[in-house]
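> Have a look at the structure that comes next, please.
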Amino acid sequence: MSGRKVGIKFILSVMAAAAIIGAGIRYIVDYQQQTGPVGISGPVTTSGTARIGGKFSMVDHKGRQVTDRDFHGKFTLIFFGYTFCPDICPTELQTMSEVLDTLGADAEKIHPIFATIDPERDTAPVLADYLSNFHPRFTGLTGTAEQVADITKSYGVFYSRVKSKNEPGQDKDYLMNHSSFIFLMDDAGKFRAAFRVGIANKGMVRRIQNELTKS
Amino acid sequence: MRISWVTLALVLNTTAVSASAAEFKIGNLTVETPWSRATPGKAQSGVIYLTISNRGDAPDKLVSISTPVAKRAEIHRSQMKDGMMTMRPFSELTLRPGSSVLLRPGGLHVMLMGLKTPLKRGGTFDMTLTFENAGPLAVKVRIEKIGARAPTQ
């Protein structure tokens with residue numbers, strides 16, 4: 001993989017994503033600041049400002065080619081992160097695992113997904129190894145740099161590699177900045193809610209239960 | 001008889017406190033409950049949380065961290081800004097007199113990079129914190145489960 005080329009492509013895709021989805025995400029952030037840790041509710045979807053989600057083609061943690069259609073028929077709870085992150089990402093996956101446990105039988109109606117924003121390090125086997133520590137029903141998604149750029153663009157997720165001052169040989173230890181939301185999509189792949197990082201399980205469980213009964 | 005019961009109660013109380021929280025001291029600095037999270041087999045990174053209190057009159061600084069389980073250990077802060085999660089390294093951590101610095105999930109933490117061995121839940125490992133004035137302090141870090149939000153002890 002040529003770093004420069006990917007870098008330019010990446011910047012372009014981030015700019016494109018910003019142009020297309022920026023307004024929607026800004027709305028989400030504003031909305032969250034007003035409402036606290038409750039997640040995004042109806043107004044976002046009904047206002048038509050947020051077009052979150054859409055078609056994607058990725059590789060799952062078992063190395064299989066998958067598309068968004070493979071996840072239709074159930075709700076998805078999708079979080080974008082990277083396994084090298086030892087602080088926030090495991091906390092969020094733990095939260096998602098606990099939410100699924102709390103949902104009980106309703107958890108069967110949900111595909112939990114961890115999608116990487118760091119495909120260079122997060123290969124399918126790395127994701128499989130990582131996810132074996134969380135809820136057994138998690139699917140990991142990775143892919144080429146382009147595939148990851150595409151799915152993040154459709155979800156309005158931004159990410160960037162932090163410039164490192166590492167010495168040669170330590171360049172595998174880079175950090176990533178990334179948007180941190182957990183998205184709830186319905187059985188047809190339509191956006192239902194976004195939860196910000198750090199949200200309490202209770203609020204998330206309640207919201208998911210509400211959305212499931214609406215379907 | 002009554003006095004000895006009081007004495008016994010005090011002794012028991014002290015024992016209970018020291019057993020419930022691991023404490024490491026050097027000079028006026030106290031490091032409490034250093035804990036880590038278990039890592040998957042192929043993990044290259046890890047994390048450590050702890051609380052450092054400065055009970056002295058002068059400031060000190062945490063200037064370096066080392067552990068045999070990783071090539072590098074740095075202080076980082078996770079920060080959420082406009083929906084973006086960022087991680088930023090700190091070259092040193094200032095410890096003001098009479099105050100405590102909390103390293104806990106979602107904020108300040110010690111980031112381990114170049115992990116040499118997977119961290120197994122329930123185990124412990126060594127870490128040395130070096131302070132500008134107080135000098136080096138060896139502590140034991142307890143390993144909790146992977147997404148733990150707080151130490152179990």
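> Looking only at strands (runs of 3 or more DSSP E) that fall completely inside the range A:1-118, which ones have 1 or more residues that are modelled with pLDDT of 95 or more, under 19 Å from the mean Cα position of the chain (by Cα) and within 24 Å of B:Thr86 (Cα to Cα)?
Once the strands (runs of 3 or more DSSP E) in the range A:1-118 are filtered for at least 1 residues that are modelled with pLDDT of 95 or more, under 19 Å from the mean Cα position of the chain (by Cα) and within 24 Å of B:Thr86 (Cα to Cα), what remains is A:75-81, A:110-116.
> Here is a further query. Go through the range A:77-101 and report how many residues are more than 11 Å from chain B (Cβ to nearest Cβ) and either on the phi > 0 side of the Ramachandran plot or surrounded by fewer than 21 Cβ atoms within 10 Å (Cβ to Cβ) (or both).
1
> Something else about it: How many residues does the range B:19-57 contain that are closer than 30 Å to A:Phe134 by Cβ and in a loop (DSSP other than H, G, I, E, B)?
So the count comes out to 9.
> Checking the structure you have, find out if any residue of the range A:128-141 is crowded, with 23+ Cβ neighbours inside 10 Å and within 23 Å of B:His76 (Cα to Cα).
Within the range A:128-141 (the criterion being crowded, with 23+ Cβ neighbours inside 10 Å and within 23 Å of B:His76 (Cα to Cα)), the answer is yes, since at least one residue qualifies.
> While we're here: Please find, within the range B:110-122, the residue that is farthest from the other protein chains (Cβ to nearest Cβ) out of those that are out of contact with any Ser or Thr (no Cβ under 7 Å at 6 or more places or on another chain), surrounded by 15 or more Cβ atoms within 10 Å (Cβ to Cβ) and not basic (Lys, Arg).
B:Val110
> Next up: May I ask you to list pairs of residues, at least six apart or on different chains, whose Cβ atoms are under 7 Å apart, with the first in the range B:59-78 being away from chain A (no Cβ under 13 Å) and closer than 20 Å to B:Ala134 by Cβ and the second being of a type in the set (Gly, Ala, Ser) and assigned to a strand (DSSP E or B)?
B:Ile65/B:Ala73; B:Ser66/B:Ala73; B:Thr67/B:Ala73
> Let me confirm something: among A:Ala107, A:Ala149, which residue is without any contact (Cβ under 8 Å) to a residue 40 or more places away in the chain and in contact with a helix residue (DSSP H, G or I) (Cβ under 6 Å, 6 or more places away or on another chain)?
A:Ala107
> Considering each residue of the range B:121-153, count those that are modelled with pLDDT of 95 or more, farther than 15 Å from A:Pro86 by Cβ and in a loop (DSSP other than H, G, I, E, B), and give that number.
The qualifying residues number 5.
> Do we have any residue at all in the range B:130-146 that's over 17 Å from B:Thr33 (Cα atoms), touching a Gly at 6+ places or on another chain (Cβ under 7 Å) and surrounded by 19 or more Cβ atoms within 10 Å (Cβ to Cβ)?
yes
> Same structure again: Look through the range A:119-129, keep the residues that are within 13 Å of chain B (Cβ to nearest Cβ) and not aliphatic (A, V, I, L, M), and return whichever of them is nearest to the chain's Cα centre (by Cα).
Across the range A:119-129, the extreme among qualifying residues is A:Asp122.
> Right, next: Would you pick out the residues in the range B:94-120 that are more than 16 Å from the chain's Cα centre (by Cα), within 22 Å of B:Pro68 (Cα to Cα) and part of a loop (DSSP other than H, G, I, E, B)? Spell out how you get there, then give the answer.
Of the range B:94-120, the ones more than 16 Å from the chain's Cα centre (by Cα) are B:96-98, B:113-118, B:120.
After this cut, where a residue has to be within 22 Å of B:Pro68 (Cα to Cα) as well, the list is B:113-118, B:120.
Listed by number, the residues that qualify are B:Lys116, B:Thr117, B:Pro118, B:Lys120.
> Can I ask one more? Mind checking which residues of the range A:58-71 are within 20 Å of A:Ala188 (Cα to Cα) and surrounded by fewer than 16 Cβ atoms within 10 Å (Cβ to Cβ)?
Across the range A:58-71, the qualifying residues are A:Gln65, A:Thr67, A:Arg69, A:Asp70.
> Which of the following residues is free of Cβ contacts under 8 Å to residues at least 40 places away in the same chain, more than 10 Å from chain B (Cβ to nearest Cβ) and not in a loop (DSSP other than H, G, I, E, B): A:Arg192, A:Arg137, A:Arg206?
After applying the criteria, what remains is A:Arg206.
> Report yes if A:Thr123 is without any contact (Cβ under 8 Å) to a residue 24 or more places away in the chain and either surrounded by fewer than 23 Cβ atoms within 10 Å (Cβ to Cβ) or touching a helix residue (DSSP H, G or I) at 6+ places or on another chain (Cβ under 8 Å) (or both), otherwise no.
yes
The values are calculated or read from the model by the stated rules, or taken from the named source; none is laboratory data. The model shown is predicted, which means the values in this text are computed figures rather than measured ones. FYI the Cβ positions are ideal-geometry reconstructions off the backbone, even for glycines, and counts take in every protein chain you see.
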